[in-house]
Amino acid sequence: MRNVLITGGSRGIGLAIARRLAASGDYNAVAVARRESGELAAAIREAKQRLHFRACDLAVTEATSLFARSVRDEFGPIYGLVNNAGIGTDGLLATMHNSEIETLIRLNVLSPIILTKYVARQMMADGAGRIVNISSIVASTGYNGLSVYAASKAAMVGFTRSLAREVGRVGITVNAVAPGFVDTELTKSLDEKDRRRIVGRSALRHLPGVDDVASVVEFLLGEGGRNITGTVVTVDAGSTA
Amino acid sequence: MSVKSKIFAAMKQIAEEQKVTLPPLEDDLPLNETGFDSLAFAILVARLEDELGVDPFTVAEDAAFPSTLGEFVRAYENVPA
């Protein structure tokens, strides 16, 4: 059974990924978050030992090395890492507090990079691994009020491409998935008018769901993903088509 | 097995996997003449962390990396507990 670590695994896209991987029967999914949500606890009860929760505040990067080692000690080699945790603070740059900007960049950029450093080292020692970074279509399009979030998601795309070059020789793939607007708590702040506008602009006339994103992650982790690396897969129901 | 011989054993293993021919391993051998590239060193540090339970370069306060094999070995021998 292959171990996969999913950050931000207690809700939204992360929970959908953790749930899907556990249900596939091929993976032992470890959902990482600061707190276990009720939804995750329920999913763990249904998953029959294939889904676990481990608490970690990834913003505290001094503790990341120890956390990565503790997961390996407990579960064995980590085959997959899904960097999904992130926050989506919105607001005009001109009026966003510096502390909010710093918190967002820390959690969405610094934390996944440091966690990847320690997990990728283990994968290098093992000679295999899959890394999937959750980006966003906002990394390459534009959206009013999301400039800082967009910068963080574009950072993950640059990180993905260069890291893929670095670790390819040792059998590790690195890819990004760029969801469009998906119905999660992160996008609850959209009002009904914005929502209708986004739906109206998408080729398929609806928003993708969290499970659409999860199925792409499962594909990249699986046999079909073995020759895919350094790329971005967009899952946006045609919003950017 | 001493720390030094564990490090040398790991290096020989990686040299074989990466198809690198190692020169004789002496203390004053510059690391950039070992035939190891940065990726091979990254694999070495990761394997040694597994085996010895320590990564002296994460623990260290500065980001300097040793320049000779002897210094590299001493970094592992002198790591604070």
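The values are calculated or read from the model by the stated rules, or taken from the named source; none is laboratory data. Computed from a predicted structure; not experimentally measured. No Cβ is skipped: glycine too gets one built from the backbone with ideal geometry, and neighbour counts run over all protein chains shown. Calculation scope for accessible area: heavy atoms of the full protein, side chains included, ligands and nucleic acids excluded. Shrake-Rupley method; radii C 1.70, N 1.55, O 1.52, S 1.80 Å.
Here is a check on your reading of the model: is residue A:125 touching a Lys or Arg at 6+ places or on another chain (Cβ under 6 Å) and within 14 Å of chain B (Cβ to nearest Cβ)? Full working, then the answer.
Working: touching a Lys or Arg at 6+ places or on another chain (Cβ under 6 Å): yes; within 14 Å of chain B (Cβ to nearest Cβ): yes.
Yes: the conditions hold for residue A:125.
Is it the case that residue A:31 is open to solvent by less than 20 Å² (accessible area, probe 1.4 Å) and in contact with a Ser or Thr (Cβ under 9 Å, 6 or more places away or on another chain)? Give the steps one after another, and end with the answer.
Details: open to solvent by less than 20 Å² (accessible area, probe 1.4 Å): yes; in contact with a Ser or Thr (Cβ under 9 Å, 6 or more places away or on another chain): yes.
Yes, satisfied.
Only one of A:196, A:161 is without any contact (Cβ under 8 Å) to a residue 40 or more places away in the chain and either under 20 Å from the mean Cα position of the chain (by Cα) or over 23 Å from residue A:81 (Cα atoms) (or both). Can you tell me which? Walk me through how you get there before you give the answer.
On the way: A:161 fails: without any contact (Cβ under 8 Å) to a residue 40 or more places away in the chain.
Only one candidate passes the filter, namely A:196.
Quick one: in the range A:106-122, which of the residues that are within 14 Å of another protein chain (Cβ to nearest Cβ) and touching a Phe, Trp or Tyr at 6+ places or on another chain (Cβ under 9 Å) is most open to solvent (accessible area, probe 1.4 Å)?
Residues of the range A:106-122 that are within 14 Å of another protein chain (Cβ to nearest Cβ), as a first pass: A:114-122.
Still in the running and touching a Phe, Trp or Tyr at 6+ places or on another chain (Cβ under 9 Å): A:115-116, A:118.
On the way: A:115: 2, A:116: 2, A:118: 26 Å².
Here the answer is A:118.
Look at residue B:80 and say whether it is modelled with pLDDT under 90 and either farther than 21 Å from residue A:62 by Cβ or open to solvent by 60 Å² or more (accessible area, probe 1.4 Å) (or both). I'd like the intermediate steps shown before the answer.
Details: modelled with pLDDT under 90: yes; either farther than 21 Å from residue A:62 by Cβ or open to solvent by 60 Å² or more (accessible area, probe 1.4 Å) (or both): yes.
It is true that residue B:80 is modelled with pLDDT under 90 and either farther than 21 Å from residue A:62 by Cβ or open to solvent by 60 Å² or more (accessible area, probe 1.4 Å) (or both).
Taking the options A:178, A:214, name whichever one is in contact with a helix residue (DSSP H, G or I) (Cβ under 9 Å, 6 or more places away or on another chain), surrounded by 15 or more Cβ atoms within 10 Å (Cβ to Cβ), assigned to a helix (DSSP H, G or I) and more than 14 Å from chain B (Cβ to nearest Cβ).
On the way: A:178 fails: assigned to a helix (DSSP H, G or I).
Selected residue: A:214, the only one of A:178, A:214 that is in contact with a helix residue (DSSP H, G or I) (Cβ under 9 Å, 6 or more places away or on another chain), surrounded by 15 or more Cβ atoms within 10 Å (Cβ to Cβ), assigned to a helix (DSSP H, G or I) and more than 14 Å from chain B (Cβ to nearest Cβ).
For the range B:16-57, name all the residues that are touching a Ser or Thr at 6+ places or on another chain (Cβ under 7 Å) and surrounded by 13 or more Cβ atoms within 10 Å (Cβ to Cβ).
B:22, B:29, B:31, B:35
Against the condition within 10 Å of the chain's Cα centre (by Cα) and either more than 13 Å from chain A (Cβ to nearest Cβ) or open to solvent by 30 Å² or more (accessible area, probe 1.4 Å) (or both), how does residue B:8 come out, does it pass? It would help to see each step written out before you state the result.
Working: within 10 Å of the chain's Cα centre (by Cα): yes; either more than 13 Å from chain A (Cβ to nearest Cβ) or open to solvent by 30 Å² or more (accessible area, probe 1.4 Å) (or both): yes.
Considered against the rule, which asks whether it is within 10 Å of the chain's Cα centre (by Cα) and either more than 13 Å from chain A (Cβ to nearest Cβ) or open to solvent by 30 Å² or more (accessible area, probe 1.4 Å) (or both), residue B:8 comes out as yes.
Are any residues in the range A:83-99 more than 15 Å from the chain's Cα centre (by Cα) and touching a residue at least 40 places away in the same chain (Cβ under 8 Å), and if so, which ones?
Here is the first cut: in the range A:83-99, the residues more than 15 Å from the chain's Cα centre (by Cα) are A:89-99.
Hits for the range A:83-99 are A:89, A:90, A:91, A:92, A:93, A:96.
Give me the residue from the range A:69-104 that is of a type in the set (A, V, I, L, M) and over 19 Å from residue A:17 (Cβ atoms) and, out of that set, least open to solvent (accessible area, probe 1.4 Å). Lay out the reasoning, then the answer.
So the first thing to find is which residues in the range A:69-104 are of a type in the set (A, V, I, L, M), and the list is A:71, A:78, A:81-82, A:85, A:87, A:92-94, A:96, A:101, A:104.
Going one step further and asking which of them are over 19 Å from residue A:17 (Cβ atoms), we end up with A:92-94, A:96, A:101, A:104.
Values: A:92: 101, A:93: 103, A:94: 101, A:96: 17, A:101: 42, A:104: 0 Å².
Filtering the range A:69-104 for residues that are of a type in the set (A, V, I, L, M) and over 19 Å from residue A:17 (Cβ atoms), the one least open to solvent (accessible area, probe 1.4 Å) comes out as A:104.
Picking from A:50, A:72, which residue would you name as being closer than 19 Å to residue A:221 by Cα, within 12 Å of chain B (Cβ to nearest Cβ) and of a type in the set (D, E, K, R)?
Numbers: A:50 fails: within 12 Å of chain B (Cβ to nearest Cβ).
Unique residue meeting the criteria: A:72.
Go over the candidates A:147, A:152, A:162 one by one and state the one that is open to solvent by less than 30 Å² (accessible area, probe 1.4 Å) and either modelled with pLDDT of 95 or more or among the small types (Gly, Ala, Ser) (or both). Show your work before the answer.
Numbers: A:147 fails: open to solvent by less than 30 Å² (accessible area, probe 1.4 Å); A:162 fails: open to solvent by less than 30 Å² (accessible area, probe 1.4 Å).
Being open to solvent by less than 30 Å² (accessible area, probe 1.4 Å) and either modelled with pLDDT of 95 or more or among the small types (Gly, Ala, Ser) (or both) holds for just one of A:147, A:152, A:162, which is A:152.
Out of all the residues in the range B:30-40, is one or more within 14 Å of chain A (Cβ to nearest Cβ), without any contact (Cβ under 8 Å) to a residue 60 or more places away in the chain and closer than 26 Å to residue A:67 by Cβ?
Applying the first criterion (within 14 Å of chain A (Cβ to nearest Cβ)) to the range B:30-40 yields B:36-40.
Remaining after also requiring without any contact (Cβ under 8 Å) to a residue 60 or more places away in the chain: B:36-40.
With closer than 26 Å to residue A:67 by Cβ added as a condition, the list becomes B:38-39.
Among the residues of the range B:30-40, at least one is within 14 Å of chain A (Cβ to nearest Cβ), without any contact (Cβ under 8 Å) to a residue 60 or more places away in the chain and closer than 26 Å to residue A:67 by Cβ, which makes the answer yes.
Among the residues of the range B:43-64, is there at least one that is within 10 Å of the chain's Cα centre (by Cα), within 13 Å of chain A (Cβ to nearest Cβ), β-branched (Val, Ile, Thr) and within 22 Å of residue A:65 (Cβ to Cβ)?
Taking every residue of the range B:43-64 in turn, at least one turns out to be within 10 Å of the chain's Cα centre (by Cα), within 13 Å of chain A (Cβ to nearest Cβ), β-branched (Val, Ile, Thr) and within 22 Å of residue A:65 (Cβ to Cβ).
Quick one: would you say residue A:222 is touching an Asp or Glu at 6+ places or on another chain (Cβ under 8 Å), closer than 18 Å to residue A:135 by Cα and at pLDDT 90 or above?
Against the criterion (touching an Asp or Glu at 6+ places or on another chain (Cβ under 8 Å), closer than 18 Å to residue A:135 by Cα and at pLDDT 90 or above), residue A:222 does not qualify.
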